[in-house]
Amino acid sequence: MRFTSRPKMNYMPGTASLIEDIDKKHLVLLRDGRTLIGFLRSIDQFANLVLQQTVERIHVGKRYGDIPRGIFIVRGENVVLLGEIDLEKESDTSLQQVCIEDILEEQRLQQQSRQEAEKTKHLALKERGLVMPRSDIMDEYGVQHQY
Amino acid sequence: MCPLCGWDVLVSYLICGTLHSVDQYLNIKLTDISVTDPEKYPHMLSVKNCFIRGSVVRYVQLPADEVDTQLLQDAARKEALQQKQ
């Protein structure tokens, strides 16, 4: 943890650099739909990330649960979005934290109902001669994926 | 500095924000973001600024009145002609 303040230098003006984001708490959205929260320690040109004190946050409705994960190295191609967490805003969210077991159970139920809905839809389309391509979690809003 | 910086953009019908900077990979940095469907994506509540990897972006919507379509068309046409030569 840095205790001295660093002067704000712009290493490459005009570039979307992550240099200024180092040592700050970040939320990382991965292509498989996972959410990681941790302190950004290192970056490179591929947006490979090193996160410390990482926590995997699982959201189901208005509830969430955290799984402590330690140090993470994330390969850049799996990163969708990296968001700086505003520590003030973090304390007044309407979300409720629950224990890990509960949230995992809720997630399992959510996945189950989602898969069942997907199955019936797929079957209905198949009967009409249409085959739907496998869509990924982040695909609905036009966020690209390759699997 | 990129001429689009400071505009309000909508990325992939998901995140709206002010364009802070862009780089050669079309990675996007947005400030003062808002999510179009906060119920579907509750994790973004405590995030004000974000970095979006260029490889995952499909669309970026720009404010229509800020774009001079005639100028853009002419510039694109010129560029295409230059490339041909």
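Which value, in Å² and to the nearest 10, is the accessible area of B:Lys40 when all protein chains are kept and the probe is 1.4 Å?
Near enough 100 Å² of accessible area.
State whether the protein assembly as shown is rounded, prolate or oblate according to the following rule on the C-alpha gyration tensor (a ≥ b ≥ c being the square roots of its eigenvalues): a/c under 1.5 gives rounded; otherwise a/b larger than b/c gives prolate, and the remaining case gives oblate. Please list the in-between numbers first.
Numbers: a/c = 2.00, a/b = 1.15, b/c = 1.74.
Oblate, because a/c is 1.5 or more while a/b does not exceed b/c.
Between B:Gln70 and B:Gln24, what's the calculated FRET efficiency when r is the beta-carbon distance and R0 is 41 Å? Round to 0.05. Mind dumping the intermediate values first?
Details: r = 28 Å, r/R0 = 0.67.
Rounded to the nearest 0.05, the efficiency is 0.90.
Would the stretch A:65-110 count as rounded, prolate or oblate if I go by the C-alpha gyration tensor, calling it rounded below 1.5 in a/c and otherwise prolate when a/b exceeds b/c, oblate otherwise? Don't skip to the answer; put the middle values down first.
Numbers: a/c = 1.95, a/b = 1.17, b/c = 1.67.
Taking the square roots of the gyration eigenvalues as a ≥ b ≥ c, the stretch A:65-110 is oblate.
Among B:Leu19, B:Leu30, B:Leu45, whose mean-square fluctuation peaks in a Gaussian network model of chain B (Cα, cutoff 10 Å)?
B:Leu45
Starting from the Cα of A:Ile67, step 7 Å toward the Cβ, then list every residue of the stretch A:88-132 with an amide N under 12 Å from that point.
A:100-105, A:107-108
Would you list which lysines come within 19 Å of A:Lys25, measuring only between C-alpha atoms, while excluding same-chain residues fewer than 8 positions from it?
A:Lys8, A:Lys89, B:Lys29, B:Lys48
Compute, for B:Tyr59, the solvent-accessible surface of its heavy atoms (probe 1.4 Å) with the complete set of protein chains present, and express it in square angstrom to the nearest 10.
The accessible area comes out at roughly 100 Å².
Note down the nm distance, to one decimal, between modelled labels 7 Å out along Cα→Cβ at A:Ser91 and at A:Asp44.
Going by the 7 Å Cα→Cβ label model, 3.8 nm.
Show B:Thr18, A:Thr35, B:Thr36 ordered by accessible area, largest first, where the area counts protein heavy atoms only and the probe is 1.4 Å. Kindly include the intermediate steps, with their values, before the conclusion.
Numbers: B:Thr18 40, A:Thr35 5, B:Thr36 75 Å².
My answer, sorted largest first, is B:Thr36, B:Thr18, A:Thr35.
Checking the cross-link filter: which aspartates and glutamates have an alpha carbon closer than 17 Å to that of B:Lys78, excluding same-chain neighbours under 8 positions apart?
The reachable aspartates and glutamates, counting only those whose Cα sits under 17 Å from B:Lys78, are B:Asp68.
Using a Gaussian network model on chain B with a 10 Å cutoff between Cα atoms, which of B:Gln73, B:Gln24, B:Gln61 fluctuates the most?
B:Gln73
Is the C-alpha gyration tensor of the stretch A:21-144 telling us rounded, prolate or oblate? Criteria: a/c under 1.5 is rounded; beyond that, a/b larger than b/c is prolate, otherwise oblate.
Because a/c hits 1.5 or more and a/b fails to exceed b/c, the stretch A:21-144 counts as oblate.
With axes computed from alpha carbons, what is the tilt in degrees of helix B:69-84 against the longest principal axis of chain B, rounded to the nearest 10 within 0 to 90?
60
Taking all protein chains together and a probe of 1.4 Å, list A:Glu106, A:Glu77, B:Glu66, B:Glu39 from the most accessible to the least accessible. Each step should come with its number before you reach the end.
Numbers: A:Glu106 45, A:Glu77 75, B:Glu66 100, B:Glu39 160 Å².
These residues rank, largest area first, as B:Glu39, B:Glu66, A:Glu77, A:Glu106.
For every other residue with a beta carbon closer than 15 angstrom to the beta carbon of A:Gly61, add +1 if it is Lys or Arg and -1 if Asp or Glu, then tell me the sum. Each step should come with its number before you reach the end.
Values: positive: A:Arg57, A:Lys62, A:Arg63, A:Arg108, A:Arg114, B:Lys40; negative: A:Asp102, A:Glu105, A:Glu106, B:Asp37, B:Glu39.
Here the count lands on +1.
Check A:Val80: other-chain or 5+ apart residues with amide H under 5 Å from its amide H, H built from backbone geometry?
It is A:Leu29, A:Leu30, A:Arg31, by chain and number.
Helix-derived [θ] at 222 nm for the protein assembly as shown: sum -39500 (n - 2.57) over DSSP H runs of at least 4, divide by residue count, nearest 500? Spell out each step's value before the answer.
On the way: 3 runs with 49 residues, N = 232.
Mean residue ellipticity at 222 nm (helix-derived): -7000 deg cm²/dmol.
May I ask you to derive the FRET efficiency for A:Gln111 and B:Leu81 from their Cβ-Cβ distance with R0 = 41 Å, giving the value to the nearest 0.05? Can you show the working numbers first?
Details: r = 53 Å, r/R0 = 1.30.
So, using R0 = 41 Å, E works out to roughly 0.15.
The values are calculated or read from the model by the stated rules, or taken from the named source; none is laboratory data. If you're wondering where the values come from, they're calculated on a predicted model, not measured in any experiment. Cβ atoms come from the backbone with ideal geometry, glycine included; neighbour counts cover every protein chain shown. Please note that ligands, DNA and RNA were not included when accessible areas were found on the heavy atoms of the full protein model with its side chains. Shrake-Rupley method; radii C 1.70, N 1.55, O 1.52, S 1.80 Å.
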